[in-house]
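Undergrad: The structure's right below; bear with me while I get my questions together.
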C-alpha cells in the first residue's frame, strides 16, 4: 500500500515536472524571434522532454507540398539540411500522410525506413506530424541508437509539443509572409515616380512615398509618420476633405523653394467598408506647360498664316476691282503679293524644319561654295523689300572669293532669317548692314547689324529659344519666334556658332562664325 502511494507520488512529480517543462517550452516558443530561432527552440524542447532521444530533426513541406525539406537538425546532424525527400515516402512520410504519430521500436524491421548516411546508427524512431487543422506543415522526428527507446509517455509529451510547435510555426510563417508582402509593397511604393499617400479612417497619414516627399519638399516630416493630416500643411491643402468623393483634379502648389507645381490628384478608397484612402499624386507641371505652349503655338501659327493670306487677298482684290490701275501700281501690288507669298512659304518651311529638328531628322548637304557670291545674291533679293519699308539694306564683303564647304540652301536660310528679323524691328528711315569677313583663313564671320531699338539684356539669353519673342519685338510686326531658333540649329549643324550683342537705343548685331573647311584633294 505504501509502495503504491510512493509510486503515485513519484508519477505525480514526473507529471508535474513534465507540465512545468511544457509550460516553459510554451513560453520559449512564444518569445522566439523569427522562424529559425523558433525551430531551434522546438528541437531543444523535444530533446528535453524525451531524454531517451539522441537526435532531433524537423522537416517542413516545400511550397508545392511535395518534398519534406530538413529545416533544423540537432547535433550531430543526422541529415543534410536543405536536401529534401518525397513527402509520401519513408517513416516520416507515413506519419505525415496518415496524420498520426509513428513509433518504430527497431527501424531495421520497418520496410519504410530510409537509412541515413551520417551520424550515429539509428534503431528507434519517433515521428509526429506537424499540422494546423487540415494544413500539413511537416514532421518532428526523434531517434535513438537503442531499440525500443520511446514509450507511451514520450509519445504523449511529444504529441503535446508538436501541437504547440505547429501553431507557433504556422504563426511564424504567416508573420514572415506578411512581412515579405509588406516589404514588396513598400519597395513598389518607394520605386514609383508618382506620389502616394495612404490615409486611415481617422485622416492620419500612414504612408508618404519618397517621390511625393521630394515633390513637395517635405522630406523632413517623414519621420513623424503616422501623424494627423493637419500636421503636414503641404498635404492638407491639396487633399480632399473628409467624406468627399472626387475624381481626378488638379491643384496648384508652391514649394518651399518657390517653385510652382501643378499636381493631378486621384483618390481611391482603400477598403470598401472604411473611409481609408490611397491617393496618387502626379506632377503634371511639364504637361501643363506643354499643353499651354501647344495652344499658344497653334494660335501663333494661325495668326502668322492669316496675316499674309489677308494681304494677298487684299492686293488681289485691288488688282481685280480697280480698272484704272497704272502699270507701275499693278507691278507694285504684284510685288507685294509675291512678297507675302514668299513670306507664307518661309513660315511653312520654318514649321517643317522645326519638325525635322525636334524629331532628329534634320540634316545638311555639304558642298564647296563661294560665300562672296551666295551671300550677296541673298541680300540683293531682300533689298527691294527693304526699300518698301523705307529701310536701307547694305552689304560689305571681301573683294576676293571665300570658298568653304557648307550647305548653300541652309546658309541662305540663315542669312534671310537674320535680315528679315532685323527688318522687323528697324523703324522707317533706319539701316540694316550685312558684313562678311574672312578671319585668319580659318573662320568666316557674317554680321547683321541694325540701328533698331535694341534688346533688353534680360532677354538676350533666350533669343534663340523656340517660340521666344522679346517684349521689344511687339512694337513692330512679330513672328512665331522660330527664325532665330532655326538659325542656331543650322549654324551649329554646320559646325559654327551664333551670338548677339545689343544695346537699348543703339541697335543689335547678330554674328555667325563658320569654319572655313577646305575640300580635300582626291
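Undergrad: Of the residues that sit in the stretch 373-404 and are closer than 14 Å to residue 438 by Cα and part of a strand (DSSP E or B), which one is modelled with the highest pLDDT?
TA: Selected residue: 396.
Undergrad: Here are some residues: 163, 168, 152. Which one is surrounded by 13 or more Cβ atoms within 10 Å (Cβ to Cβ), at negative phi and without any contact (Cβ under 8 Å) to a residue 12 or more places away in the chain?
TA: Working: 168 fails: without any contact (Cβ under 8 Å) to a residue 12 or more places away in the chain; 152 fails: surrounded by 13 or more Cβ atoms within 10 Å (Cβ to Cβ).
Among 163, 168, 152, only 163 is surrounded by 13 or more Cβ atoms within 10 Å (Cβ to Cβ), at negative phi and without any contact (Cβ under 8 Å) to a residue 12 or more places away in the chain.
Undergrad: Going by what's in this entry, would residue 392 be described as outside the structural domain of residue 338 (by TED's automatic domain parsing) and in contact with a helix residue (DSSP H, G or I) (Cβ under 8 Å, 6 or more places away or on another chain)?
TA: Details: outside the structural domain of residue 338 (by TED's automatic domain parsing): yes; in contact with a helix residue (DSSP H, G or I) (Cβ under 8 Å, 6 or more places away or on another chain): yes.
Yes: the conditions hold for residue 392.
Undergrad: Report the residue count in the stretch 278-295 for those that are surrounded by 12 or more Cβ atoms within 10 Å (Cβ to Cβ) and at pLDDT 85 or above.
TA: Residues flagged as surrounded by 12 or more Cβ atoms within 10 Å (Cβ to Cβ) and at pLDDT 85 or above within the stretch 278-295 amount to 10.
Undergrad: Next question, about the same structure. Pick from 417, 421: which is in contact with a strand residue (DSSP E or B) (Cβ under 9 Å, 6 or more places away or on another chain), crowded, with 18+ Cβ neighbours inside 10 Å and not in a loop (DSSP other than H, G, I, E, B)? Break it down stepwise before answering.
TA: Working: 417 fails: in contact with a strand residue (DSSP E or B) (Cβ under 9 Å, 6 or more places away or on another chain).
Result of the check over 417, 421: 421.
Undergrad: Same structure again: Residue 395 is checked against (1) closer than 23 Å to residue 496 by Cβ; (2) exposed (fewer than 11 other Cβ atoms within 10 Å of the Cβ); (3) more than 44 Å from the chain's Cα centre (by Cα) and fails just one. What number does that condition carry?
TA: (2)
Undergrad: Quick one: how many residues across the stretch 126-157 are farther than 23 Å from residue 67 by Cβ and in contact with a strand residue (DSSP E or B) (Cβ under 7 Å, 6 or more places away or on another chain)? If you could, list the steps in order and put the result at the bottom.
TA: Residues of the stretch 126-157 that are farther than 23 Å from residue 67 by Cβ, as a first pass: 144-157.
The next check asks that each one be in contact with a strand residue (DSSP E or B) (Cβ under 7 Å, 6 or more places away or on another chain); those that pass are 144, 146-150, 154-155.
Total satisfying the criteria: 8.
Undergrad: So the check is Cβ under 8 Å with 6+ separation or different chains; which pairs have a first residue in the stretch 489-507 that's on the phi > 0 side of the Ramachandran plot and in contact (Cβ under 8 Å) with a residue 24 or more places away in the chain and a second one that's surrounded by fewer than 20 Cβ atoms within 10 Å (Cβ to Cβ) and in a strand (DSSP E or B)?
TA: Close Cβ pairs (under 8 Å, with a partner that is surrounded by fewer than 20 Cβ atoms within 10 Å (Cβ to Cβ) and in a strand (DSSP E or B)) amount to 507/449.
Undergrad: In the stretch 418-435, how many are at pLDDT below 90 and within 13 Å of residue 375 (Cβ to Cβ)?
TA: Matching residues across the stretch 418-435 total 0.
The values are calculated or read from the model by the stated rules, or taken from the named source; none is laboratory data. Everything quoted here is computed from the prediction, not taken from an experiment. FYI the Cβ positions are ideal-geometry reconstructions off the backbone, even for glycines, and counts take in every protein chain you see.
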